[in-house]
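Read through the structure below, which is laid out as structure tokens, and then see the notes.
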Amino acid sequence: MRLRVEHLKRSFGDIKAVDDVSFSVAAGEIYGFVGPNGAGKTTTMRILATLDEPTAGDALLDGVSLVQQPEWARRTLGFMPDQLPTHRDMSVDDYLDFFARAYGLRAGHRRRVVADIEDFTNLAGIRHKLIHTLSKGMKQRVSLARALIHDPGVLILDEPAAGLDPRARVELRELLLVLAEQGKAVLISSHILTELSEICHGAVILEHGRMLRAGAIRDLLQDRTQHLVVRLRALGEVAELHREVLTIPGVETARLVGDGLEIEIEGGEEAAAEVLAHLIQAGHRVIEFQPRQGGLEEVFMNVTDGEVQ
């Protein structure tokens with residue numbers, strides 16, 4: 001199943017919350033949806049979840065319009081909001097059973113599905129606890145379980161890792177990878193870009209409601225292949241090395257990191273080789289010179305200006 005967003009727009013008065021956004025996510029893919037606060041991520045996700053309507057444009061699941069067929073869409077995709085509503089009188093099991101009934105699951109089949117989802121999301125041990133007594137991490141698990149209860153082909157997840165401890169974030173990443181392996185298309189918003197880089201096949205970067213970049217992670221990173229970050233260490237005084245590095249053509253920045261430097265070089269591997277040759281000719285005894293390509297976090301920092309709309 002493929003989710004395709006076509007020229008989506010959403011305005012609130014004079015404010016363009018979503019301004020001509022287009023991208024697609026195919027079955028088995030995880031796409032990160034990233035941007036500064038106020039970039040339009042949640043508004044876009046609410047439109048995809050049929051909780052809001054676009055001013056213009058459309059979103060399609062296998063060619064079927066979510067705008068024109070919202071009831072069908074709600075049975076086909078799963079939405080996890082950024083915060084689970086508080087239900088003081090419902091247990092985890094009652095909550096999931098309620099939504100299973102709402103999706104038309106009946107009798108013994110419903111109980112099997114709820115039990116399987118509780119096992120998959122590691123909720124079986126707390127199934128009788130009241131939702132309002134749960135930790136943030138457990139509430140996030142319940143919210144994900146609710147989104148999965150009807151076995152949707154597409155998952156829309158709004159900040160599912162927000163407020164989670166390190167172990168819970170690792171477990172969430174593992175769950176998402178399993179879901180992608182099952183053939184689900186996953187769109188996930190998050191501010192934790194290093195973690196998105198580890199699991200996402202692609203990303204969509206928004207700012208001020210506009211799409212700045214979209215595509216496979218490898219393609220987004222390829223746009224930065226002429227910009228290298230290098231870890232540098234040499235015998236002798238690091239302060240002297242620092243001063244020397246800043247005089248070399250092509251070196252944009254250099255900062256102290258532990259007992260060495262991290263330098264940014266404008267250019268590819270040839271430029272890096274020239275910098276290394278310069279250092280050796282200047283008499284520096286280099287013991288580490290390790291280039292690395294910038295990650296999704298660097299791409300994000302370079303294409304956004306950080307202003308809130």
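A few remarks follow.
- Residues of region 64-96 satisfying the condition of being of a type in the set (Phe, Trp, Tyr) and farther than 22 Å from THR42 by Cβ: TRP72, TYR95
- Of the residues in region 86-93, not one is within 23 Å of LEU176 (Cβ to Cβ) and without any contact (Cβ under 8 Å) to a residue 40 or more places away in the chain.
- Some residue of region 75-82 being in the same structural domain as MET45 (by TED's automatic domain parsing), under 19 Å from ILE192 (Cα atoms) and surrounded by fewer than 17 Cβ atoms within 10 Å (Cβ to Cβ): yes
- Taking the listed residues LEU84, LEU96, LEU8, LEU61, the one that is hydrophobic (A, V, I, L, M, F, W, C), under 22 Å from the mean Cα position of the chain (by Cα) and modelled with pLDDT of 95 or more is LEU8, with no other qualifying.
- Meets criteria (of a type outside the set (S, T, N, Q), on the phi < 0 side of the Ramachandran plot and outside the structural domain of PHE23 (by TED's automatic domain parsing)) for GLU174: no
- Among the residues of region 164-178, just one is in contact (Cβ under 8 Å) with a residue 60 or more places away in the chain and either in contact with a strand residue (DSSP E or B) (Cβ under 7 Å, 6 or more places away or on another chain) or more than 23 Å from LYS41 (Cα to Cα) (or both), namely LEU176.
- Any pair with Cβ under 6 angstrom, 6 or more apart, that starts in region 199-216 at a residue that is in contact (Cβ under 8 Å) with a residue 60 or more places away in the chain and ends at one that is in a loop (DSSP other than H, G, I, E, B) and surrounded by fewer than 18 Cβ atoms within 10 Å (Cβ to Cβ): HIS208/GLN309
- Scanning region 103-122 for residues that are surrounded by fewer than 17 Cβ atoms within 10 Å (Cβ to Cβ) and in a helix (DSSP H, G or I) gives ALA107, GLY108, HIS109, ARG111, ARG112, ALA115, ASP116, ASP119, PHE120.
- Residue match in region 100-107 (condition: basic (Lys, Arg) and in contact with a Lys or Arg (Cβ under 8 Å, 6 or more places away or on another chain)): yes
A quick yes/no check of all residues on (1) surrounded by fewer than 12 Cβ atoms within 10 Å (Cβ to Cβ); (2) in contact with a Cys (Cβ under 7 Å, 6 or more places away or on another chain); (3) modelled with pLDDT under 90:
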position: GLU264; (1), (2), (3): no, no, yes
position: GLY268; (1), (2), (3): no, no, yes
position: GLN281; (1), (2), (3): yes, no, no
position: HIS284; (1), (2), (3): no, no, no
position: PRO291; (1), (2), (3): no, no, yes
position: GLY295; (1), (2), (3): no, no, yes
position: PHE300; (1), (2), (3): no, no, yes
position: THR304; (1), (2), (3): no, no, yes
position: GLU307; (1), (2), (3): yes, no, yes
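The values are calculated or read from the model by the stated rules, or taken from the named source; none is laboratory data. Values in this document were obtained by computation on a predicted structure and should not be read as measured data. Quick reminder, even Gly has a Cβ in these numbers, built from the backbone with ideal geometry, and neighbours come from all protein chains shown.
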